[in-house]
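S.K.: Here it is, the structure, as structure tokens.
The values are calculated or read from the model by the stated rules, or taken from the named source; none is laboratory data. Owing to the predicted nature of the structure, the values given are computational and were not obtained by experimental measurement. Here the Cβ is made from the backbone with ideal geometry for all residues, glycine too, and neighbour counts use every protein chain on show. What goes into the accessible areas is simple: the full protein's heavy atoms, side chains included, and nothing from ligands, DNA or RNA. Shrake-Rupley method; radii C 1.70, N 1.55, O 1.52, S 1.80 Å.
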Amino acid sequence: MGGSLIPFLGRKFLLSKSSDGFLSFIAWVSVAGVSLGVLALVVVTSVINGFRGELVHLITQMNGDVILYSRGEPIDSPEKVIDKIKRAVPEVRAVTAAFIAPLMVAGKNGVAGAVLEGVDFSTVRQVTGIADRIVRGSLSEKPDQVLVGTALAERLGVTIVDEIRLIAPFAGEGGIDQPGPPKVLPAMVSGLVRMGNHDYDSKFVYAKIEAVQAFLEQPGKVTAFKMKLAPGANARAASDRLTDNFGYPFRSKDWAQLNQNLLSAIELEKVVISIILTIIVIVAAFNVVSTLMMMIHDKTKEIAILKAMGFRPRQSFALFAGIGTGIGAIGVGAGVALGLGVNRLLSDSRLIRLPADVYNIDYLPVVTRWPEVLLI
């Protein structure tokens with residue numbers, strides 16, 4: 001009887017029609033306060049998780065899990081380098097060579113700085129997602145056709161089958177140390193690619209690696225090697241191993257190192273915002289305490305009658321602690337349910353659009369992590 005008496009009295013104290021209406025209102029305000037705090041925590045942490053997850057996905061789609069590149073002149077004999085990479089890092093499942101060079105691009109509406117990347121058509125699909133991000137046209141193997149980022153194409157005022165001019169200020173063996181006349185290559189836009197990151201979409205032009213090598217007078221040479229690792233492999237450890245096995249002019253970076261400052265800023269922002277929102281929940285918890293204090297004052301007569309009937313102080317404490325726990329549990333449950341519902345809505349509908357030139361992606365990504373929800 002004692003175990004069921006306290007929940008019974010708690011319901012009577014909180015929900016009885018004879019209770020003070022203002023007290024009931026304050027109780028529901030307390031529930032709403034906890035719910036809103038928990039709702040905000042669930043949604044905000046999920047949005048930050050989504051930003052980080054989307055950024056990591058874009059980095060790996062663009063550069064693979066690990067990239068090994070030259071800090072000096074382009075590299076001869078890429079096949080030998082690829083063999084050495086596979087021996088040094090057994091976790092590597094695929095490697096693709098690339099020739100990456102900065103240049104100028106001219107279109108109908110003017111000139112823009114860009115990055116020309118020559119891709120190896122036989123291996124690029126195994127490592128990157130460039131081919132899967134084409135929104136119009138196709139990735140052509142013809143030497144005079146290129147793939148252009150959507151933001152760059154918009155800036156130049158071109159679309160598929162339009163002509164652009166690739167302008168290389170420095171080309172040939174001498175490079176920047178022995179500059180000659182700029183080289184110009186007319187090329188047709190065979191397709192438009194949207195990686196989902198404004199920095200990539202506003203800069204990159206893709207072409208067949210042999211065509212880029214011929215244009216820049218660097219036959220058979222490459223500047224970077226992009227790698228796809230086995231699922232679950234440690235990208236940082238693989239990168240460190242490559243650094244140990246390759247000396248100058250090589251340098252290796254994993255996906256996290258490629259955008260380390262941005263990823264660190266996102267993690268710091270998540271911690272700061274979570275602390276602020278947790279304080280809001282704590283304030284709501286104090287509101288629950290004030291509700292209990294008002295209830296104790298309002299139920300003085302009832303408590304006196306219960307004490308006269310043998311109600312012990314420990315049971316009185318358990319009664320009001322149970323009422324406070326109930327208010328908190330209802331608030332937390334409602335907040336989590338509403339938060340998960342908002343997450344689902346944002347994820348399925350992409351209702352909120354963002355300016356891509358500011359946030360690098362054009363929608364609000366949401367990723368729910370259940371350990372964080374349980375912690376909240």
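S.K.: Name every residue in segment 125-146 that is open to solvent by 10 Å² or more (accessible area, probe 1.4 Å) and outside any loop (DSSP other than H, G, I, E, B), in order of residue number.
M.R.: Of everything in segment 125-146, those that are open to solvent by 10 Å² or more (accessible area, probe 1.4 Å) and outside any loop (DSSP other than H, G, I, E, B) turn out to be ARG125, GLN126, ALA131, ASP132, ARG133, ILE134, VAL135, ARG136, GLY137, GLN145.
S.K.: Given the conditions (1) open to solvent by 70 Å² or more (accessible area, probe 1.4 Å); (2) modelled with pLDDT under 85, which single one is not true for VAL288?
M.R.: (1)
S.K.: Would you point out the residue of segment 214-251, among those that are among the charged types (D, E, K, R) and either more than 24 Å from ARG125 (Cβ to Cβ) or in contact with a Ser or Thr (Cβ under 6 Å, 6 or more places away or on another chain) (or both), that is surrounded by the most Cβ atoms within 10 Å (Cβ to Cβ)? Full working, then the answer.
M.R.: The first filter runs over segment 214-251 and keeps only residues among the charged types (D, E, K, R), leaving 217, 221, 226, 228, 236, 240-241, 244, 251.
Next, only the ones that are either more than 24 Å from ARG125 (Cβ to Cβ) or in contact with a Ser or Thr (Cβ under 6 Å, 6 or more places away or on another chain) (or both) stay: 217, 226, 236, 240-241, 244, 251.
Working: GLU217: 15, LYS226: 25, ARG236: 13, ASP240: 14, ARG241: 18, ASP244: 10, ARG251: 18.
So, considering only residues that are among the charged types (D, E, K, R) and either more than 24 Å from ARG125 (Cβ to Cβ) or in contact with a Ser or Thr (Cβ under 6 Å, 6 or more places away or on another chain) (or both), the one surrounded by the most Cβ atoms within 10 Å (Cβ to Cβ) is LYS226.
S.K.: While we're on this one: Restricted to segment 351-370, and to residues that are over 15 Å from the mean Cα position of the chain (by Cα) and at pLDDT below 90, which residue is most open to solvent (accessible area, probe 1.4 Å)?
M.R.: Kept after step one, since they are over 15 Å from the mean Cα position of the chain (by Cα), are these residues of segment 351-370: 351-353, 355, 357, 370.
Of the ones still in play, those that are also at pLDDT below 90 are 351-353, 355, 357.
Details: LEU351: 118, ILE352: 74, ARG353: 136, PRO355: 62, ASP357: 105 Å².
Here the answer is ARG353.
S.K.: Take segment 57-86 and flag every residue that is part of a loop (DSSP other than H, G, I, E, B) and crowded, with 19+ Cβ neighbours inside 10 Å.
M.R.: Filtering segment 57-86 down to residues part of a loop (DSSP other than H, G, I, E, B) leaves 64-65, 71-74, 76-77.
Hits for segment 57-86 are GLY64, ASP65, PRO74.
S.K.: Now for a different question. Checking LEU23 against (1) at pLDDT below 80; (2) in contact with a strand residue (DSSP E or B) (Cβ under 8 Å, 6 or more places away or on another chain), only one condition comes out false. Which one?
M.R.: (2) is the only condition that LEU23 fails.
S.K.: Going residue by residue through segment 147-166, is there one that turns out to be at pLDDT below 90 and crowded, with 17+ Cβ neighbours inside 10 Å?
M.R.: Filtering segment 147-166 down to residues at pLDDT below 90 leaves none.
No: zero hits.
S.K.: Among the residues in segment 187-203, are any in contact with a strand residue (DSSP E or B) (Cβ under 8 Å, 6 or more places away or on another chain), at pLDDT 90 or above, open to solvent by 30 Å² or more (accessible area, probe 1.4 Å) and under 30 Å from LEU242 (Cβ atoms)?
M.R.: Yes.
S.K.: Identify, from the list VAL119, VAL89, the residue that is farther than 26 Å from GLU217 by Cα and open to solvent by less than 10 Å² (accessible area, probe 1.4 Å). First the steps, then the outcome.
M.R.: Working: VAL119 fails: farther than 26 Å from GLU217 by Cα.
Unique residue meeting the criteria: VAL89.
S.K.: Please enumerate the residues belonging to segment 275-296 that are more than 19 Å from VAL38 (Cα to Cα) and either of a type outside the set (S, T, N, Q) or outside any helix (DSSP H, G or I) (or both).
M.R.: Matches in segment 275-296: LEU292, MET293, MET294, MET295, ILE296.
S.K.: So which residues in segment 297-319 are open to solvent by less than 100 Å² (accessible area, probe 1.4 Å) and not in a helix (DSSP H, G or I)?
M.R.: LYS299, GLY310, PHE311
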